[in-house]
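As structure tokens, the structure follows; a few thoughts come after it.
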């Protein structure tokens, strides 16, 4: 099969590789659509040395949807059949550690032991390929109401939903989103779905304009102090919840500074460098800062929200490329060409055999 093979930081090509075979409780799928995620771009550049990927050569990619082609032992008994339409997520956790049993399998205590926990496209071979093998715990059946493009966008939709849930949004809350990238815009939708009274998006440029087009209130941080502006917009007290979808030093500082007393910041952006924070207000005003890692069980809950348009994934799908044009697709994503948000790759491989 054809696959995108990463051989070193910033060194990749489309190569012919062996098609994988499904083992017990695994299925082989034909990849119909896969999106480029911000984590993919960082991984390709080598921003997570020694962690993602653990070694080379490596096939990245984890936001995908496709068709089941072959079943490993035991998969049929768990409801999978050849021809099923499915969407994948990255974490295939052990299922028996304390965190997995509690339902937080994204925090599996056996992460790093790939005999029992594989994170596809991160520490295990991913889906920028014509075919991919996934364990059944990391697969979800697509409802008839969702196409493959929408299916590929379910993983970021579920992450956005998890981000909003980690923010502990209450009905009528004032919510600020820092970073109007794909997850940030989806998190704004998720916040509304959970009952936010107002959603204010902080950013700049074309992506902030997109936030305005989607109906969110906006603050351009290049025009002045976003902390002061957001506080003024919220009667001087600040938002109840901040969703940091940028993960940079300024966004962390702004989020904590602008929060209302007792407010909570949920951060899904992964910093690639050290961030220095002053934590006096965190202590004195009982503010909270919590992390967000992927999602745990959010795919099924995101599906009906995507299907009825409450989480608007189609608004973010801006470009589509074949696998052979991955370099152009990645440049389009990284450089935000023509307003690029979510860029979808269609491997268009041979039919299931």
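The values are calculated or read from the model by the stated rules, or taken from the named source; none is laboratory data. Keep in mind that this is a model prediction, so the values were computed, not measured. Virtual Cβ from ideal backbone geometry, glycine too; neighbours counted across all protein chains shown.
If you filter the range 120-143 down to residues that are closer than 16 Å to residue 4 by Cβ and part of a loop (DSSP other than H, G, I, E, B), you find that the one that is farthest from the chain's Cα centre (by Cα) is 130. Per the conditions (1) in contact with a strand residue (DSSP E or B) (Cβ under 8 Å, 6 or more places away or on another chain); (2) not in a helix (DSSP H, G or I), the sole criterion not satisfied by residue 311 is (1).
Would you call residue 321 closer than 27 Å to residue 2 by Cβ and crowded, with 21+ Cβ neighbours inside 10 Å?
Here the answer is no, as residue 321 does not meet what is asked.
For the range 248-287, residues that are under 16 Å from residue 167 (Cβ atoms) and either outside the structural domain of residue 203 (by TED's automatic domain parsing) or at pLDDT below 95 (or both) total 1.
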